[in-house]
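Student: Please read through the structure below; I'll follow up with questions.
The values are calculated or read from the model by the stated rules, or taken from the named source; none is laboratory data. None of these values were measured; they are calculated from a predicted model. Please note: Cβ atoms are built from the backbone with ideal geometry, for glycine as well, and neighbour counts cover all protein chains shown. SASA here: full protein model, heavy atoms, side chains in, ligands and nucleic acids out. Shrake-Rupley method; radii C 1.70, N 1.55, O 1.52, S 1.80 Å.
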Amino acid sequence: MKNLNGKKILLIICGGIAAYKSLEIIRLLKKNGSNVKTILTNNAKNFVTPLSVASLSQEKVYTELFNSENESEMDHISLSRWADLILIAPATANTISKINFGLSDDLASTVVFASDKKIFIAPAMNVRMWENRSNKENLKKLVDFGYEIIGPEVGDMACGEFGMGKMSEPATIVNHINNYFKRLENNKKFKALVTAGPTHEYLDPVRFITNKSSGKQGYEIARSLIENGFDTTLISGPTNLIPVKGVNLIKIKSADEMLKVTLSNLPTDVAIFSAAVADFKVKDKKNEKIKKNKFSELNLEKNTDILGYISNHNSLRPKLVVGFAAETTSLKNNSLKKLSEKNCDWIIANDVSRDDIGFESDFNQVSIFYKNNSEENLPRMKKSSLANEIVNRIISQLN
Ligand code: CTP
């Protein structure tokens, strides 16, 4: 497992019987060259001792949120900044619930709250606790927030019952983490470009034509690309969003600027055109504010179709071109028409007449049309989860 070599892993051990298996996780990570720092929750100390964890990890073990002897270090911040990745194993139902609700009443939960790193969660609990609706809801939310869940598995439980809830084996968990780093390493060679948000087409210095796009879907795609190791450029129209760290963000206002900046950032391996580019601009933009009694008719002209232009020029075309289709009627027919006319590889289509998805919403429900097949009516999901779904498909395609 060579991708673990030199990696800094922060392991959080919670209070469940599976905690004894975490010692084996530390051993395997160390054997494969990782540096491991460990936090024990108060309850974890009932199952494994700080001494055994410190001996195996060859590092100090962290247990307290406040340390009167060394408060200047602020462990909850320094530990989360130190780590390349955080692993919570075993994660109890209590910790899962605390993370979902943003509680931070001990070192473990505060580190998670303060972290900007990838976090893996390996749950372990009794089958009834696993199946409890609150637990299911909590986990669903954590997936939407971007946490990655490993396991659990079906098996005999320490309490004598049988079922789902057994923590995955240490080797499986460590392998999962190795694969994550491998994926990042593999994807580093890929360049991605994403367009997002609306454009503003000015009539005069203060008025413009625009649309309802929030940019959320495109920003989530850029986030997912970065988290998967892509060298990512995000070309964004005006939005209030803050992109994830590491994205090369270029802000533009008009469709003409978006076209110019997009061209100057090619070639890339993949381009995802999620921007709601305004289709028209005014022909004769005024430099002075137009007086209301001077308004006559607006003379509009078409903006260049950025996706169509790039996709139809062989020298500019990324290997994989993904377009979106915002439709209010005949979703399938219109999307297939866009797929062929704009010469893209995939069209991700959504119904923008619905209030519960699409423009301005945190949710989306799409169909994906490929050149020779389709995936129609994917479930309604958070834009963050849809972004991960799209990026997983991009990774498969590029590899
Ligand atoms: N698009 C683009 N440049 C434009 C218009 C659209 O790159 N000037 C891209 C969008 O980013 C999206 C796709 O084309 O990926 C489809 O956009 P959409 O708004 O659904 O369709 P339009 O091409 O604008 O056509 P219509 O408004 O007639 O549906």
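Student: In region 161-174, is there at least one residue being at pLDDT 95 or above, of a type in the set (Val, Ile, Thr) and buried (at least 21 other Cβ atoms within 10 Å of the Cβ)?
Tutor: Yes - at least one qualifying residue is present in region 161-174.
Student: Can you pull out every residue in region 343-356 that is part of a loop (DSSP other than H, G, I, E, B), closer than 21 Å to Ser385 by Cβ and either modelled with pLDDT of 95 or more or open to solvent by less than 70 Å² (accessible area, probe 1.4 Å) (or both)?
Tutor: Going residue by residue through region 343-356, those that are part of a loop (DSSP other than H, G, I, E, B) are 343-345, 352-356.
If we keep only those that are closer than 21 Å to Ser385 by Cβ as well, we get 352, 354-356.
Within region 343-356, Val352, Asp356 qualify.
Student: Based on what the data block shows, is Lys286 in contact with an Asp or Glu (Cβ under 6 Å, 6 or more places away or on another chain), surrounded by fewer than 17 Cβ atoms within 10 Å (Cβ to Cβ) and closer than 27 Å to Gly229 by Cα?
Tutor: Working: in contact with an Asp or Glu (Cβ under 6 Å, 6 or more places away or on another chain): yes; surrounded by fewer than 17 Cβ atoms within 10 Å (Cβ to Cβ): yes; closer than 27 Å to Gly229 by Cα: no.
The answer is no for Lys286.
Student: Those residues that are open to solvent by less than 30 Å² (accessible area, probe 1.4 Å) and under 16 Å from Leu193 (Cα atoms), I need them from region 239-254; list them, please. Before the answer, list the steps.
Tutor: To start, the set of residues in region 239-254 that are open to solvent by less than 30 Å² (accessible area, probe 1.4 Å) comprises 239, 247, 252, 254.
The answer is Val247, Ile252.
Student: Can you name the number of the only condition in (1) closer than 30 Å to Cys159 by Cα; (2) open to solvent by less than 70 Å² (accessible area, probe 1.4 Å); (3) part of a helix (DSSP H, G or I) that Tyr20 fails?
Tutor: (2)
Student: Something else now. Please give the number of the condition Lys140 fails out of (1) within 24 Å of Asn388 (Cβ to Cβ); (2) open to solvent by less than 70 Å² (accessible area, probe 1.4 Å).
Tutor: (2)
Student: Looking at Phe359, Phe369, can you tell me which residue is within 15 Å of the ligand (Cβ to nearest atom), assigned to a loop (DSSP other than H, G, I, E, B) and either open to solvent by less than 30 Å² (accessible area, probe 1.4 Å) or at pLDDT below 95 (or both)? Lay out the reasoning, then the answer.
Tutor: Values: Phe369 fails: assigned to a loop (DSSP other than H, G, I, E, B).
Phe359 is the lone residue from the list that is within 15 Å of the ligand (Cβ to nearest atom), assigned to a loop (DSSP other than H, G, I, E, B) and either open to solvent by less than 30 Å² (accessible area, probe 1.4 Å) or at pLDDT below 95 (or both).
Student: Filter region 191-228 for residues that are more than 16 Å from the ligand (Cβ to nearest atom) and in a loop (DSSP other than H, G, I, E, B) and give the result.
Tutor: Across region 191-228, the qualifying residues are Leu203, Asp204, Pro205, Val206, Arg207, Asn228.
Student: Residues to consider are Asn94, Asn135, Asn67; find the one that is surrounded by 13 or more Cβ atoms within 10 Å (Cβ to Cβ) and over 21 Å from Phe47 (Cβ atoms).
Tutor: Asn67
Student: If Leu107 satisfies all but one of (1) more than 28 Å from Asn179 (Cβ to Cβ); (2) surrounded by fewer than 18 Cβ atoms within 10 Å (Cβ to Cβ), what's the number of the condition it fails?
Tutor: Result: Leu107 fails condition (2) only.
Student: Next question, about the same structure. Six or more apart or on different chains, Cβ under 7 Å: which pairs go from a residue in region 41-59 that's under 13 Å from Leu11 (Cα atoms) to one that's open to solvent by 90 Å² or more (accessible area, probe 1.4 Å) and part of a helix (DSSP H, G or I)? Could you list them?
Tutor: Partner pairs satisfying both residue conditions: Leu56/Arg27.
Student: With the condition kept exactly as written, say whether any residue in region 295-317 is surrounded by 14 or more Cβ atoms within 10 Å (Cβ to Cβ), in contact with a helix residue (DSSP H, G or I) (Cβ under 7 Å, 6 or more places away or on another chain), charged (D, E, K, R) and farther than 12 Å from Leu203 by Cβ.
Tutor: Yes, because at least one residue in region 295-317 is surrounded by 14 or more Cβ atoms within 10 Å (Cβ to Cβ), in contact with a helix residue (DSSP H, G or I) (Cβ under 7 Å, 6 or more places away or on another chain), charged (D, E, K, R) and farther than 12 Å from Leu203 by Cβ.
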